[in-house]
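Here is the structure we will look at.
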């Protein structure tokens with residue numbers, strides 16, 4: 001059995017699988033983020049430093065995913081979810097660093113919840129594209 005590595009379908013599959021891996025890593029980093037904020041609040045405030053370092057480390061994945069999703073063939077819903085992650089991450093940075101009389105920082109946990117929800121939805125949507133079930137055909141993968 002031989003593989004044709006120059007096939008565009010196979011390249012697309014590898015691109016989609018790579019995007020899935022990055023989206024999954026981003027989601028796992030969000031889980032760690034929530035865990036460390038809980039540890040900082042309920043156990044030891046020193047965990048806050050790890051919470052901050054995590055977001056500085058994994059936030060670089062958002063622009064990578066945004067670029068990747070538009071260079072690969074993904075449904076519009078996946079592209080919108082990826083764009084939403086970048087917007088929500090930007091709002092997270094604004095609410096924590098912007099000092100205003102409106103106290104926008106109170107929205108930080110809510111935006112964090114939305115970010116986790118969108119990220120988890122993205123992982124599930126991309127999973128259906130990369131690993132279709134028997135009932136899904138190629139036409140459904142593009143929509």
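Residue separation times 0.36 nm, minus the C-alpha to C-alpha distance between residue 50 and residue 14: what's the value?
So the extension gain works out to 9.7 nm.
Stokes-Einstein diffusion coefficient for the chain at 4 °C in a medium of 1.567 mPa s, Rh from the Kirkwood formula over Cα pairs: what value in µm²/s?
78
What's the FRET efficiency of residue 28 with residue 96 using the Cβ-Cβ distance as r and R₀ = 22 Å, to the nearest 0.05? Intermediate results must be reported in sequence, preceding the final value.
Values: r = 21 Å, r/R0 = 0.98.
In this case the efficiency is close to 0.55.
By how many degrees, between 0 and 90 and to the nearest 10, does the Cα long axis of helix 8-42 differ from the longest principal axis of the chain?
Long axis of 8-42 versus the principal axis of the chain: about 20 degrees.
So, R0 is 35 Å and r is the distance between the beta-carbons of residue 66 and residue 39; what FRET efficiency does that work out to, to 0.05?
0.70
Mean residue ellipticity at 222 nm from the helices of the chain, using -39,500 (n - 2.57) per DSSP H segment of n ≥ 4 over the full residue count, to the nearest 500 deg cm²/dmol? Intermediate results must be reported in sequence, preceding the final value.
Working: 6 runs with 108 residues, N = 143.
Dividing the helical sum by the residues of the chain leaves -25500 deg cm²/dmol.
Since every read-out is calculated from the coordinates, none of them should be taken as a lab result. Every value quoted in this text rests on a predicted model; they were computed, and no experiment measured them. All Cβ positions, glycine included, derive from the backbone under ideal geometry; neighbour counts span all protein chains shown.
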